[in-house]
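Beneath this line is the structure, given in structure tokens, with notes to follow.
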Amino acid sequence: MPELPEVETIRRTLKRFILDKTIEEIIVYWPNIVKYPDDVEEFKHMLIGQTFRDIKRSGKFLRFELDHHVLLSHLRMEGKYSVHDQTEPLAKHTHIIFKFTNGEELRYHDVRKFGTMHVFPKGKEFEQKPLLQLGPDPFEREFTLPYFQEKLGRTSRSIKAALLDQTIVAGLGNIYVDETLFKAGVHPAKKANELTVSEIKAIKKFATITLQEAVEQGGTTIRSYVSSDGEMGMFQQELFVYGQENEACKNCGDLIVKIKLAGRGTHICTTCQKE
DNA sequence: TTGGGTGTTGAGTA
DNA sequence: ATACTCAACACCCA
């Protein structure tokens, strides 16, 4: 569920709770979440005794920086972090616990168990999967018009599929791709390499604006997303097309329709977004 | 009741 | 290279 704005909100709220906290013990109830190292005991060994120094973000990945290692965490559809006193009862679907030396603990909760974690020595995290192939997010300096033009010009896939491709631009998911393409007035089925320069400029501009505004609103809560202090996002009030099927387009009044594209539910106004 | 859909992504196939 | 299906898993709703 979380896309860039939700991950960024989680990053900011979680920082307040875990910086300078030291890991004393780790409990893993669902080992499949730990992708690297493949041995869970080694995963624990690399982190125990270390202190959280910072939390950063790359696209939809959280990067927990400790003294000597970095924990990469991808929330996929339903991953959540929260901090509790160790005496509080565990919620259902809590799969990994990082116990601190101060009696608190960081809990990873994930109803669908799709989330992933990787641990690498500090500085090595960008040299291998999963960050190696990740493109820049719209807030990074590398996300320039020439870069974006070059990437889009090299694929005949739909612009929807291209924007969901995290190696081209990181951080957009199904909600923000649909919102971006609506605001840019581009039909999601249009082939990426057939877009005009002005369409590419509009997509770039509205992707950045939409993500920025969603960060300012604390993300989008559709069903289950809450940040690490339990707060819901507010950006769902600002959605133009996502989840708005059979509602009137806020721009022209025609009905928003939902189609299937790139394997995903896709929301469009067929008047504002011509093929 | 049950099957299809869900804010993600990777693998396998043609 | 791309598109399509399936997989991981649990829950919700028509």
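Placing a label point 7 Å from the Cα of residue A:259 along the Cα-to-Cβ direction, the residues of the stretch A:123-163 with a backbone N closer than 20 Å are A:155-163. The phi torsions of the stretch A:44-50, fed into the Karplus equation with coefficients 6.51, -1.76 and 1.60 and a -60° offset, translate into couplings of 4, 4, 5, 10, 5, x, 9 Hz, rounded to whole numbers, with Gly and Pro shown as x.
What FRET efficiency, computed as 1/(1 + (r/R0)^6) with R0 = 51 Å and r the Cβ-Cβ distance, is obtained for residue A:112 and residue A:197, rounded to the nearest 0.05? Computed FRET efficiency for residue A:112 and residue A:197: 0.80. Taken one residue at a time, the phi angles of the stretch A:123-137 give Karplus couplings (6.51, -1.76, 1.60, θ = phi - 60°) of x, 9, 5, 8, 8, 8, 4, x, 7, 3, 8, 5, x, x, 8 Hz. Gly and Pro are set to x. In this rough spin-label picture, where each label sits 7 Å from Cα along the Cβ direction, the residue A:274-residue A:139 distance is 3.7 nm. The phi-based Karplus calculation (6.51 cos²θ - 1.76 cosθ + 1.60; θ = phi - 60°) puts the 3J(HN,Hα) values of the stretch A:10-18 at 4, 4, 5, 6, 5, 3, 4, 9, 10 Hz, whole numbers, x for Gly and Pro. Taken over chain A, the convex hull of the Cα atoms encloses 125 Å³ per residue. The spacing between the stretch A:1-79 and the stretch A:226-261, judged by their C-alpha centroids, is 30 Å.
When the C-alpha to C-alpha distance is required to be over 18 Å, the pairs from A:56/A:80; A:80/A:124; A:204/A:260; A:160/A:191; A:21/A:56 that qualify are A:80/A:124; A:204/A:260. Assuming charge only on the beta carbon of Lys and Arg (+1) and of Asp and Glu (-1), the dipole of the stretch A:85-198 about its Cα centre is about 440 debye to the nearest 20. When the charge dipole of chain A is built from unit charges on Cβ atoms (+1 for Lys and Arg, -1 for Asp and Glu) and taken about the Cα centre, the candidate among A:91, A:225, A:203 whose Cα reaches farthest toward its positive end is A:203. Shape analysis of the stretch A:1-140 places it in the rounded category; the axes a ≥ b ≥ c from the Cα gyration tensor give an a/c below 1.5.
Peptides A:4-12, A:85-93, A:132-140 ranked from most to least packed, by the mean per-residue count of other Cβ atoms within 10 Å: A:4-12, A:132-140, A:85-93.
Extension gain, residue A:92-residue A:147: 0.36 nm per intervening residue step, less the Cα-Cα distance, totals 15.4 nm. The residues neighbouring residue A:53, those whose beta-carbon lies less than 12 Å from its own, together hold a net charge of +1 under the Lys/Arg +1, Asp/Glu -1 convention.
You can think of it this way: the chain between residue A:54 and residue A:232 has 61.7 nm of extra reach, that is 0.36 nm per residue less the Cα-Cα gap. Along the Cα-to-C-beta direction of residue A:20, a point sits 7 Å from the Cα; which residues of the stretch A:48-72 have their amide N less than 19 Å from that point? Hits in the stretch A:48-72 for residue A:20 at 19 Å: A:49-56, A:65-68.
If you average 1/r over every pair of different alpha-carbon atoms in the stretch A:125-171 and take one over that average, what Kirkwood value in Å do you get?
11.1 Å
FYI, it's all coordinate maths here, none of it is from the lab. From a predicted model like this one, the values you see are computed outputs, not experimental measurements. Note that we place each Cβ from the backbone using ideal geometry, even for glycine, and neighbour counts take in every protein chain shown.
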